[in-house]
Amino acid sequence: MQFTRNKVFSVAAVAGLIGYAVSVWWSIEPGPIEPEALQNEQGKLIVGYATTQSLIVTMETLLDKPGGWLSNDMMPPSVMMDNMPAFEFGALEQTRDLALALRKEFSRSQSQSAADKDLSAAHSKLNIEHTSWLVPSAESEYADAIKLVKLYQARISDTGNPSAQFYARADNLNEWLKEVQKRLGSISQRLSASVGQDRLNTDLAGDTSARQSTPSAMSDEIKTSWWKIDDIFHESRGSAWALLNFMRAVEVDFADVLEKKNAEVSLRQIIRELEATQETVWSPMVLNGDGFGLVANHSLVMANYISRANAAVIDLTNLLSQG
């Protein structure tokens with residue numbers, strides 16, 4: 001009996017070590033997409049190719065990385081992991097925003113023009129719940145979305161097929177950047193709440209006639225739960241990783257627009273700040289020191305980079321809005 005019990009404990013210990021090793025391997029974050037991956041095989045400059053390719057490669061990387069898509073797994077060790085699923089969700093949110101911009105802005109010449117069917121279907125499939133694991137699974141829907149974006153990409157690459165277009169204009173780029181501003185602003189606020197903040201209510205500031213549905217307090221203390229701090233941190237890294245991929249593509253497709261507006265440096269500043277968010281975290285866990293305390297606060301460091309990237313995005317939108 002004693003021998004059997006020891007044997008069971010030994011097997012459980014070995015299984016636990018193997019599961020831990022696998023979870024560590026699966027938690028390795030993918031690196032940013034290199035600019036070379038955004039070029040077509042023929043080396044021709046096709047407007048819109050880099051942007052669509054960045055979306056395709058970003059989603060393919062998430063689906064094909066070690067362990068695949070982990071957010072919807074129901075078996076160990078991935079069911080007990082939360083860092084990589086949070087990273088996946090952050091990247092997915094940015095991908096959804098870009099897919100929406102492709103459908104509403106980049107592929108349409110005017111507000112009265114028809115939406116591209118492939119992009120509409122792709123955006124719909126990307127909006128499935130990221131934790132869905134059965135009928136349909138998130139992976140299958142996202143894989144279908146990739147195929148649909150590839151169809152659109154093939155059509156804009158065909159010079160003999162004018163039915164599909166990608167319009168690289170300052171106004172439609174600005175529309176997407178406005179969504180990026182909101183996304184980065186939200187991320188920065190959530191990261192800053194790691195130490196707790198007493199925030200004043202500025203919801204109706206700037207408009208004396210503005211109203212809201214229900215009254216709210218003049219100030220409120222916002223603090224992230226200790227259990228959610230690492231999730232928000234890794235979600236922010238995933239969001240910044242995907243956005244970095246997309247900004248590098250924008251630098252290619254909108255080169256003429258940026259040059260005309262003298263905005264190349266502003267975009268490069270955004271890219272530089274986003275690259276800083278992808279530096280290696282050497283600590284085995286996300287530290288959450290208090291303000292100027294002895295222990296580092298990784299969330300505040302990330303919030304600093306995100307806020308600076310957001311400030312650069314605002315500067316870029318202002319430049320693009322000028323005649």
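Since every read-out is calculated from the coordinates, none of them should be taken as a lab result. Because the structure is a prediction, the values reported are computed rather than measured. Note that we place each Cβ from the backbone using ideal geometry, even for glycine, and neighbour counts take in every protein chain shown.
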Anisotropy class of the range 97-152 from Cα gyration tensor, a/c 1.5 cut: prolate
Helix axis angle, 138-157 relative to the chain longest principal axis, alpha carbon, degrees: 20
Net lengthening on full extension, Ile18/Gln181 (0.36 nm per residue, minus Cα-Cα): 54.5 nm
Value of [θ]222 nm, deg cm²/dmol, for the chain, DSSP H segments ≥ 4, -39500 (n - 2.57) each, nearest 500: -19000 deg cm²/dmol
Separation between Cα centres of the range 2-80 and the range 254-291, rounded to whole Å: 23
Shape category assigned to the range 147-186 from the gyration tensor of Cα positions, a/c cut at 1.5: oblate
From the coordinates shown, Rg/Rh (Cα atoms, Kirkwood Rh) corresponds to which of [x] 1.02; [y] 0.96; [z] 0.99: [x]
For the range 1-104: relative contact order, % (alpha-carbon pairs under 8 angstrom, 6 or more apart): 27
DSSP loop chymotrypsin sites (Phe, Trp or Tyr not before Pro) with at most 13 other Cβ within 10 Å excluded, longest remaining stretch of the chain: 1-281
Helix axis angle, 264-276 relative to the chain longest principal axis, alpha carbon, degrees: 10
Restraint check, Lys104/Lys182; Lys125/Lys150; Lys104/Lys178; Lys104/Lys260; Lys117/Lys182, Cα-Cα greater than 21 Å: Lys104/Lys260; Lys117/Lys182
Inter-probe distance in nm under a simple model that places probes 7 Å from Cα toward Cβ, at Ile28 and Lys147: 3.0
Of the GluC sites (Glu not before Pro) in the range 229-310, those whose Cβ has at most 11 other Cβ within 10 Å and which sit in DSSP loop: Glu279
Along the chain, longest interval not containing exposed trypsin sites (Lys or Arg not before Pro), exposed being DSSP loop plus at most 13 other Cβ atoms within 10 Å: 45-210
GluC sites (Glu not before Pro) lying in DSSP loop within the range 110-160, provided at most 11 other Cβ fall within 10 Å: Glu129
For the chain: relative contact order, % (alpha-carbon pairs under 8 angstrom, 6 or more apart): 21
Nearest-ten-degree value, helix 117-126 long axis tilted from longest Cα axis of the chain: 20
